[in-house]
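Below is one structure, written out as structure tokens, with a few remarks after it.
The numbers here are math on the coordinates, done by the rules we state, and not lab data. Every value quoted in this text rests on a predicted model; they were computed, and no experiment measured them. Every residue, glycine as well, gets a Cβ built from its backbone with ideal geometry; the counts of neighbours run over all protein chains shown.
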Amino acid sequence: MIISNTSQVKTASLQLADRFSDKRKTISICGGTGCRGSHAREVLAAFRKELDDRGMADAVSIKETGCHGFCERGPLVVIRPADIFYQQVRVEHVSNIIEKSILANDVVEELLFELPDGLRKVVCEKDVPFYQGQQRLIFGMNGFIDPTSIEDYIGRGGYCAAADALEKMKPEEIVDAVDKSGLRGRGGGGFPTGRKWLSCMQAKGNRKFAICNADEGDPGAYMDRSILEGNPHSVIEGMIIGAFAIGAHEGYVYVRTEYPLAVKNLGIALEQARQWGILGEHVFGTDFSFDVKISKGGGAYVCGESTALMLSIEGHVGEPRTKHIHTVESGLYDLPSNLNNVETWANIPHIIRHGFEWYRAIGTQGSPGTKLFSLVGKVVNTGLVEVPLGKTLRQIIFDIGGGIPNGKKFKAVQTGGPSGGCLPEACLDMPVDFDELTNAGSMMGSGGMIVMDEDTCMVDVARYFLSFLVEESCGKCTPCREGTYQLHKVVQRITQGHGTEKDLDLLEELSDTLSSTSLCALGKTAHNPVMSTIRHFRNEYEAHIHDKKCLAGVCKSLFKYRVESALCTKCGVCFKRCPSQAIVWEKKKIAEIVVDKCTKCGICFEACKFKAKVKA
């Protein structure tokens, strides 16, 4: 089908919407990378074979969707329209699901989500606590549409916002609507999107670029990947609207090569959009032309920075440029370029479709809208969470995330990626938005949220993130190249028991230098893991320095394993499990640990059910 005018978009949307309104049962299977890693594709194949064998292939629809968000419990299967939610589905469950939930109006009890009280199970997806506290604007379609089907997207109202923008709005009106919505860039900086678009629109030059930053490199973060995998058309639609507003006719999506499924689904979506007349010459039959290319990055973390990203697209080494010239005036190929990340672009159709007042009513005054977070670490329910900005950390971690597993105590949450800060329990009731996180010594970043429990050493956490930043620094500017290395060297010295009181002053001095003199945000924010942990967990630094002790028992140089003879049952399990043969044991005798051979791997500590292995 080719759409030759804007009115045909809405007509096609109404026609295709019928496929979602029929009463035919649909088996919706999460096909995101996380669920695929848990054999979701084998489950999908088993459903198809079972339905074929039963002669039911035409009577029941099977839809492989994008990520549903609840990655902890994958593979996920939802039976619609009843919205029966099944978790951790295996191939052997398929026949029973078809018998009970397709042929009959029943459920498979063992696959339902069990509530924390252990007494009740929920049937419907919306009743699962993980989903109840969310407001899914950007992620809402993911569990319903096939990302490789443009018909599915249009049937859900897709591309209607772009058609309205091109038909009914002037570029200035679009920019004004985005500005009044209060949308801030979701890539980390939180810069007002409308203000950036206005600068690019007013920039001199007939050739301009609209660019999508999908170079998501934060450890534990995969929001952008999941949007591109599950709903790539939402990003394309946002880019069409933005390109029309700023006067760009060429677009790029810069995505890392490590995201093969995102690259594949995006490529399919782009080709489908061209075939339908939504990309290319005369978009929707109008005078406006726009097309998008995919540029794959090699995985350099620094290429998430705007100028480094644009140099990489040009084929150069990805290194930041000085900031006295803005990319909206001189970006890709020294031409005006507007760069937003995946989530930012995906917000645009909602603003145009529902109006800036509607969008502004969600979230907080200074940070409107919703935000996607990857909730990972020491939390019961890991996965992708979309909430209105202003939700507290406690609501996200405990209400949606289910709290800390194994009865452990919450210690900290790190927000904002490797350059973010670690926030303690005292900050749990703080509303999450751009300004509040910055004031607390952290930042929003792209939306990574790593939860830590009582067994976490905060000094070691700072060391870990600094080691990442040392490796990822491009080395172009001396403050970042040398400063991150020196920060890491000092923190590592402390974890090894060789720190001194002067090291804390040195860390603060190095942090000040880095933040004020580095060329790009990688260096300017590299001190956050160090300064936030010193600010909130100074006692742990002092214990490492003065007492030569790691309070969490993590830093290997500061503890050793020993056997508590009164608790040892002489079972020999530790002897059998030890990979370094550091345990001496004979039948009916108490085990002993040879300190010189012990690698402190912790296997004996975890294997001993009687807690006879202790850290000293």
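Results, tabulated for the structure shown:
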read-out: Convex hull of Cα atoms in region 506-606, direction-averaged projection (nm²); value: 9.3
read-out: Distance between region 536-566 and region 1-77 - C-alpha centres, whole angstrom; value: 52
read-out: Histogram of C-alpha separations across region 1-121, 10 Å bin width, %; value: 12, 39, 29, 14, 5, 1
read-out: For a label point 7 Å along the Cα-to-beta-carbon line of Ser467, residues of region 580-616 with backbone N under 16 Å; value: 600-602
read-out: For region 370-453, fraction of C-alpha pairs farther apart than 20 Å, in %; value: 19
read-out: Extreme residue, positive dipole direction of region 526-616, given options Pro529, Gly553, Trp585 (C-beta unit charges); value: Trp585
read-out: Amide hydrogen neighbours beyond the local backbone of Lys208, cut-off 5 Å, H modeled; value: His249, Glu250
read-out: Hz values of 3J(HN,Hα) by residue in region 91-97 - Karplus curve (6.51, -1.76, 1.60), Gly and Pro given as x; value: 4, 5, 8, 4, 4, 5, 4
read-out: Kyte-Doolittle mean at least 1.6, axial Cα span of 24 Å or more - DSSP H helices of the chain; value: none
read-out: Nonlocal amide H pairs with Lys549, under 5 Å, H built at 1.01 Å; value: His544
read-out: Label point distance in nm, Asn105-Glu482, each placed 7 Å from Cα along Cα→Cβ; value: 7.5
read-out: Sum of side-chain charges, Gly280 neighbourhood, beta-carbon under 9 Å (Lys, Arg +1; Asp, Glu -1); value: -1
read-out: Label point distance in nm, Glu542-Tyr333, each placed 7 Å from Cα along Cα→Cβ; value: 6.0
read-out: Neighbour cut-off at most 11 other Cβ (10 Å), DSSP loop, GluC sites (Glu not before Pro), region 517-598; value: Glu586
read-out: Radius of gyration, Dmax [the chain; alpha carbons; angstrom]; value: 26.6, 88
read-out: Equivalent ellipsoid, region 549-616 (semi-axes from 5 times Cα gyration tensor eigenvalues, Å); value: 19, 13, 10
read-out: Alpha-carbon centroid distance for the pair region 390-439 / region 312-339, whole angstrom; value: 35
read-out: FRET efficiency estimate (nearest 0.05) - Cβ-Cβ, Ile62 to Ser289, R0 35 angstrom; value: 0.40
read-out: Cα point-scatterer Debye curve for region 346-392, base-10 log of I(q)/I(0) at q = 0.21 Å⁻¹; value: -0.75
read-out: Close Lys-Lys pairs in region 150-360, where close means Cα under 23 Å and separation is 8 or more or interchain; value: 18
read-out: Farthest toward positive dipole pole in region 150-360 [+1 Lys/Arg, -1 Asp/Glu at C-beta], among Cys160, Phe209, Thr327; value: Thr327
read-out: Förster-model FRET efficiency, 60 Å R0, His498 and Thr322, C-beta, rounded to 0.05; value: 0.95
read-out: Stokes-Einstein translational diffusion, region 458-547 - Kirkwood Rh over all Cα pairs, 0.890 mPa s, 25 °C, in µm²/s; value: 193
read-out: Mean projected area in nm² (Cα convex hull; one quarter of hull surface) for region 182-278; value: 6.9
read-out: Order of Cys160, Cys520 under a 10 Å beta carbon neighbour criterion, fewest first; value: Cys160, Cys520
read-out: Cα gyration tensor, region 50-168 - rounded (a/c under 1.5), prolate or oblate; value: oblate
read-out: For Met449, distant residues with modelled amide H under 5 Å away; value: Ser374, Val376
read-out: Spacing of the two label points (7 Å from each Cα toward its C-beta) at Lys264 and Glu167, in nm; value: 3.6
read-out: Prolate/oblate/rounded call for region 205-343, Cα gyration tensor, a/c under 1.5 rounded; value: oblate
read-out: Value at 222 nm in deg cm²/dmol, rounded to 500, when DSSP H runs of n ≥ 4 in the chain each add -39,500 (n - 2.57); value: -10500 deg cm²/dmol
read-out: Neighbourhood net charge (11 Å Cβ-Cβ; Lys/Arg +1, Asp/Glu -1) for Ser473; value: -2
